[in-house]
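Please treat every number below as a calculation from the coordinates, not as lab data. The structure displayed is predicted, hence computed values, not measured ones. FYI the Cβ positions are ideal-geometry reconstructions off the backbone, even for glycines, and counts take in every protein chain you see.
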Amino acid sequence: MDNAEFKILCRATCVALHCEDPEALANTGTVEVDGVQVGLFFDGHAAPDRIICYLDIGPLSPFGREEILSRLLAINLITGTKTAGVYALDRESDNVIFVQHFMYPDLLTAEEFAAILKDYAVHANSLRNTLLEPLATQPLSDMLAQSLGPRSALLA
């Protein structure tokens, strides 16, 4: 994929997502999907075989931070790869983020990409109410199963 093809994919993905501004993703690299801020990064020269996607899961609570960060590390140990995504803390915003590499993006259609981003938004919104909740006592496996749901195959 080159930079021009990336911009075309971004525009078509915005159309598939029914964004008010179909140029938003192509022009800024960011779009809001169901209340979740999504950022895409692509470098057609250095890494033409991947798009890096960042999802803003939400702010880290000032209470129970260590427990929440411990959960994130445990999830990363279970699922963390460039193809399954990893969780991190954005120190500038103090928000939890999810980072996913999409390998060989030229194989993605805009409709598929839009569906994946929508599924990630569902996942992010669910995690806001479970993983980021300092008093949550639900086992990690249950949290992940609940947040991923039946369409999680699209997320891999």
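Some notes on this structure:
- Our summary of shape: the Cα atoms of the range 33-129 have principal axis extents of 42, 27, 26 Å, ordered from largest down, in whole angstrom.
- Three-way shape call for the range 56-107 based on the alpha-carbon gyration tensor, with the a/c threshold at 1.5: oblate
- On full extension, the segment bounded by ASN125 and PHE63 gains 20.4 nm, given 0.36 nm per residue less the C-alpha separation.
- Chymotrypsin sites (Phe, Trp or Tyr not before Pro) within the range 1-88, DSSP loop, no more than 16 other Cβ atoms inside 10 Å: PHE63
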